[in-house]
Amino acid sequence: MDEKTPATIKSARRVLEVLELFAERRGPATVSAVSEALDYPLSSTSVLLRSLERLGYLQQDLATRAFRPTLRVMLLGTWMHDDLFGQGSLLASMNTLRLRTGQTVMVGLRQGVHVRFILSLPSLRANGLKFPVGVMRPVCRSSVGKMLLTRESDRDVQRIARAANAQAEAAHRVDVAALLDEVRLSRARGWAETRDYPRPGFATLAVLLPELAGQPPMAVTLGMRLETLQARADALRQALQEAAQRLGP
């Protein structure tokens, strides 16, 4: 470090340097490429990139082994973009959905047998469903997870469900055949729901978001009280689908 450079916490500096490197490259990079570009030890570079992947800031292409940022990185500053340049971002669109419905809005992507939520806008109601950004949920149990599974073949849905069951406690394992039937139904109708999950008395609705170049598949969910879903199911599904469609080409 240059003598004139103020002292910084190395781990924090390295995270920012990695993200800045991706901004400069405007494309994916392998562990070795990041290690060479930033002059980091290869082993610690691998640990850092995989930590950022687990947190939902990076994704890895299993074929090329290269990493690239996810939209969670972009969302860190989207509120500034909205303030400066007007309403037109994913964050603005999801906030419009929250204002229209009054419910919690969350955007998630699949990480193995889990879903990681990279955006969470809390309900406008005091008794609404609230979860912090970054929370993870089982892919086979959450509505976002079920919608993301609709993109997979039936065989892969079964494989993912078996892998999830192998890691889950007995009480949280799913019936693979029943899950496949539910995924097929969600694939046909274009939306998924859960009732009395993630907590008793609550429910969620989810639809896929349009595919974005270089980004993993994502889905958006509305979280609410179960009685709200029962009373307003059609209107909430319509609002959710229209919000997703507005983000398409």
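How do the helices (runs of 4 or more DSSP H) wholly within the stretch 11-76 filter down when requiring 3 or more residues that are within 16 Å of Gln215 (Cβ to Cβ): which remain?
Where helices (runs of 4 or more DSSP H) fall fully within the stretch 11-76 and carry at least 3 residues being within 16 Å of Gln215 (Cβ to Cβ), they are 71-75.
Yes or no, residue by residue, for (1) more than 21 Å from Gln59 (Cα to Cα); (2) surrounded by fewer than 23 Cβ atoms within 10 Å (Cβ to Cβ):
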| site | (1), (2) |
| --- | --- |
| Leu99 | yes, yes |
| Val107 | no, no |
| Val113 | no, yes |
| Ser123 | yes, yes |
| Ala126 | yes, yes |
| Pro132 | no, yes |
| Gly145 | no, no |
| Glu152 | no, yes |
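Identify the residue in the stretch 117-166 that is modelled with pLDDT of 90 or more and among the hydroxyl-bearing types (Ser, Thr, Tyr) and, among all such residues, is nearest to Val183 (Cα to Cα).
This residue is Thr150.
Just checking, how many residues over the stretch 164-175 are surrounded by fewer than 14 Cβ atoms within 10 Å (Cβ to Cβ), in a helix (DSSP H, G or I) and not small (Gly, Ala, Ser)?
2
Are any residues in the stretch 48-80 more than 15 Å from Gly134 (Cβ to Cβ), surrounded by 16 or more Cβ atoms within 10 Å (Cβ to Cβ) and either hydroxyl-bearing (Ser, Thr, Tyr) or at pLDDT below 85 (or both), and if so, which ones?
The answer is Thr78, and nothing else.
Only one of Ala188, Ala178, Ala161 is surrounded by fewer than 18 Cβ atoms within 10 Å (Cβ to Cβ) and farther than 17 Å from Leu240 by Cα. Can you tell me which?
Ala178
Restricting to the stretch 219-242, give me the number of residues that are open to solvent by 10 Å² or more (accessible area, probe 1.4 Å), within 14 Å of Leu90 (Cα to Cα) and assigned to a strand (DSSP E or B).
Final tally of qualifying residues: 0.
For residues that are free of Cβ contacts under 8 Å to residues at least 60 places away in the same chain, open to solvent by less than 60 Å² (accessible area, probe 1.4 Å), not aliphatic (A, V, I, L, M) and not in a strand (DSSP E or B), tally how many sit in the stretch 134-143.
Summing the residues that are free of Cβ contacts under 8 Å to residues at least 60 places away in the same chain, open to solvent by less than 60 Å² (accessible area, probe 1.4 Å), not aliphatic (A, V, I, L, M) and not in a strand (DSSP E or B) in the stretch 134-143 gives 1.
Scan Ala163, Ala206 and give me the residue that is touching a residue at least 40 places away in the same chain (Cβ under 8 Å) and more than 13 Å from the chain's Cα centre (by Cα).
Details: Ala206 fails: more than 13 Å from the chain's Cα centre (by Cα).
Being touching a residue at least 40 places away in the same chain (Cβ under 8 Å) and more than 13 Å from the chain's Cα centre (by Cα) holds for just one of Ala163, Ala206, which is Ala163.
Quick check on Thr221: is it among the hydroxyl-bearing types (Ser, Thr, Tyr) and either over 24 Å from Arg72 (Cα atoms) or over 20 Å from the mean Cα position of the chain (by Cα) (or both)?
No.
Give me the pairs: first residue in the stretch 168-182 and free of Cβ contacts under 8 Å to residues at least 12 places away in the same chain, second residue not charged (D, E, K, R), beta-carbon distance under 6 Å, and six or more apart or on different chains, which are they?
Arg173/Asn165
The values are calculated or read from the model by the stated rules, or taken from the named source; none is laboratory data. Note that the structure is a prediction, hence the values are computed from the model and not measured. When we count neighbours, we look across all protein chains shown, and the Cβ atoms used for this are built from the backbone with ideal geometry, even at glycine. What goes into the accessible areas is simple: the full protein's heavy atoms, side chains included, and nothing from ligands, DNA or RNA. Shrake-Rupley method; radii C 1.70, N 1.55, O 1.52, S 1.80 Å.
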